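The values are calculated or read from the model by the stated rules, or taken from the named source; none is laboratory data. No experiment lies behind these values; they were computed from the predicted model shown. When we count neighbours, we look across all protein chains shown, and the Cβ atoms used for this are built from the backbone with ideal geometry, even at glycine. SASA here: full protein model, heavy atoms, side chains in, ligands and nucleic acids out. Shrake-Rupley method; radii C 1.70, N 1.55, O 1.52, S 1.80 Å.
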Amino acid sequence: MSSYNLSPFTFHLYMDIIHLLPDSVANQIAAGEVIQRPASCLKELVENSLDAGAKRIQVIVRDAGRTLLQVIDDGFGMSEMDARLAFERHATSKIREAQDLFSLRTMGFRGEALASICAVSQVEMTTRRAEDETGTLLEIHGSDVIRQEPCVCPVGTNIKVSNLFFNVPVRRKFLKTDQTELRNLLTEFYHIVLVYPKVSFTFVHNDEILLELPAGTEKQRIEAVFGNPKKNVYTSAFVEVRTETEMVSIRGFVVKPENATRKAEQYFFVNGRYMRHPYFLKAVLTAYSGMLANDYQPSFFLYFDINPESIDVNIHPTKTEIKFADEQTIFQILMAAVREALGKFAIPTAIDFDAPPIDIPLPSHQPVSTPQVSVDPTYNPFQKRNVIYPDKAPRNWDMLYKGAQTASLTEHRLQTDLQEASILSAEDVETCPLWQYNGRYILLPSAQGLVLINQHRAHVAILHAQFMEQLANTQGAMQQLLFPEVLSLPQDEMVLMAQLVEDLRAIGFDIEQLSPDSYSIQAVPAQIANQSAIPLLQHILQQVKERDADTQFAWREQIAQTLADSAAIPYGKTLSEEEMRDIVKRLVRLPHYRRTPEGKTIVSLLSDDEISKRF
Ligand code: ADP
Ligand code: MG
């Protein structure tokens, strides 16, 4: 009998190292994949409500979702048994066989969202089906069922997720500022509400209603989310796109070229899901080519309907990229559809980029401490550069420059040369001769060869440094506006604006919140006086958003960058020798003068070697 003590069983106890993870641990690991932040949790909950046929969905959030994320729906609800099962891993009512994956029409299907959420938070849910008299209350903390009991509740499901990541301190720490997380929540929310216009939604954050979206048409929904609620004109800036082919149907709205902005809302949806698709984005941009001013972006909301068998949404639970079976063909269809829609609005044919530049715009500002640069006070680079009447607003010169840039074959070599030697000394630039070439470059001799300086970029770098300094010292000079301007913003950008407002004031904007969705601007930084503040501020917001700038330094960088770009002398501006010298002198005083903060080349050297080889 004693040999039983050495039985294989005992042996195994000591030797086996592979074992099944307890469900709670497996769920916590999986949760890291599915639920990365409050926004991903919100997405899963709202998608479940939609899958349950809800017509009205309320989202209630506290502290950007850290403390509370609650979703209340009027959908089918769950039976007592299903309520419990819903939180098990791979429990789903939506697919039964692997094959079903290919004909997916519901949002969720993996059955892992609720299991993941309850592994990393404290969940309380009440739910009831129409046919049941009593509902079910279920409370789960970190995958442990605390209680399950019958309860009185309306038909539908009310799920409260509290203290997300309470048991995963690392994740909790990893969360960004409340503003950023709230913005992520809103972004995720937009992706959903834009495809379900017939469902009414509300979004409440810390007891404040941020969005109230009644059921309506797609157009009304877009208007309700992005338009100015008081003006109701947003969607009149758009034209409708509609195309039906055997492969795909595409409908939606694209902005009229004259209404393009620097800050664009660009949305693709496929079969009721938001998707990112850089390749299709290119198709849209191609359709607009020649119609948009430099830097301007088209906003669009495009909805694709396609046989689910020809797409693969199953790449990753949190990814928004979707693969299509025949992307080239869809590219063509999409481009043609957008072109046709724009064509209906009598857009003239593309302008001739080979034509010589005409009537180059002059700067409107008086750059700080370069009073020598003469200015045209009427020029406003932010005024819509109208391509329909190119004589009014020329802009083709910068396309010409693009060609010139790529043509510079030796640029790379020149750059490496530059890394080694300091080519400009402060003394040299005091006295050396200076020439301007092509309205773009300042040329000067140095010990190593001929130095070429990009005049616009040089000035951008100088102003950037100046603005950064002013931001740090809160010393921006203000210029009062004759007519205060009002900037209306969608909720996600109101949140962003709240982050930036202190710095904007430091640099010289006199800006106050006017209403829950607008700011008033009374004054602008002196360097950009005479420019409309609104496009500038919108551009700053867009940059911060796009780059996911999440530190004060990063915000300041964006503010300084945008203001420097808009205030710097443009290409085509003829400079006097004095002006050139002033720019060069100030440039060489910068710690890094060879490249702009964005990394673009400012200074290039054509070495003596290089020159003599040519002869
Ligand atoms: P999936 O959505 O991938 O099926 P989830 O973990 O998100 O997986 O949900 C599991 C199941 O719980 C769903 O299949 C559904 O049957 C049920 N469920 C979840 N949320 C709701 C809801 N709001 N209303 C009704 N049923 C729900
Ligand atoms: Mg789901």
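Each residue in segment 111-131 was checked for being in contact with a helix residue (DSSP H, G or I) (Cβ under 8 Å, 6 or more places away or on another chain) and touching a residue at least 40 places away in the same chain (Cβ under 8 Å), and 12 pass.
Checked against the criteria, residue 180 does not count as buried (at least 18 other Cβ atoms within 10 Å of the Cβ) and more than 24 Å from residue 203 (Cβ to Cβ). For residue 160, the stated conditions hold: it is surrounded by fewer than 22 Cβ atoms within 10 Å (Cβ to Cβ), within 16 Å of ligand 1 (Cβ to nearest atom), at pLDDT 95 or above and not acidic (Asp, Glu). Residues that are in contact with a helix residue (DSSP H, G or I) (Cβ under 7 Å, 6 or more places away or on another chain) and among the β-branched types (Val, Ile, Thr) number at least 3 in the following helices (runs of 4 or more DSSP H) confined to segment 520-606: 577-588.
For segment 67-85, taking the residues that are of a type in the set (D, E, K, R) and open to solvent by 50 Å² or more (accessible area, probe 1.4 Å), the one that is farthest from the chain's Cα centre (by Cα) is identified as 80.
Which one is farthest from ligand 1 (Cβ to nearest atom) among residues in segment 34-60 that are within 18 Å of residue 76 (Cα to Cα) and among the aliphatic types (A, V, I, L, M)? That would be 59.
Among the residues of segment 235-246, those that are surrounded by 15 or more Cβ atoms within 10 Å (Cβ to Cβ) and either of a type in the set (Gly, Ala, Ser) or outside any strand (DSSP E or B) (or both) comprise 235, 237. Remark: pairs (first residue in segment 308-325, of a type in the set (Phe, Trp, Tyr); second residue modelled with pLDDT of 70 or more; Cβ separation under 7 Å; 6+ apart in sequence or on different chains) = 324/310; 324/311; 324/330. Could we say that residue 165 is on the phi > 0 side of the Ramachandran plot and surrounded by 15 or more Cβ atoms within 10 Å (Cβ to Cβ) here? For residue 165, the condition - on the phi > 0 side of the Ramachandran plot and surrounded by 15 or more Cβ atoms within 10 Å (Cβ to Cβ) - is met. Among the criteria (1) within 11 Å of ligand 1 (Cβ to nearest atom); (2) modelled with pLDDT under 70, the one residue 101 does not fulfil is (1). Within segment 165-181, the set of residues being over 15 Å from residue 551 (Cα atoms) and either β-branched (Val, Ile, Thr) or at pLDDT 95 or above (or both) comprises 168, 170. Listed residues 522, 552, 513, 542; which is under 30 Å from residue 188 (Cα atoms), at pLDDT 85 or above and surrounded by fewer than 20 Cβ atoms within 10 Å (Cβ to Cβ)? Of the residues listed, the single one that is under 30 Å from residue 188 (Cα atoms), at pLDDT 85 or above and surrounded by fewer than 20 Cβ atoms within 10 Å (Cβ to Cβ) is 513. If you go through segment 128-165 and pick out every residue that is of a type in the set (Gly, Ala, Ser), assigned to a loop (DSSP other than H, G, I, E, B) and under 34 Å from the mean Cα position of the chain (by Cα), you end up with 1.
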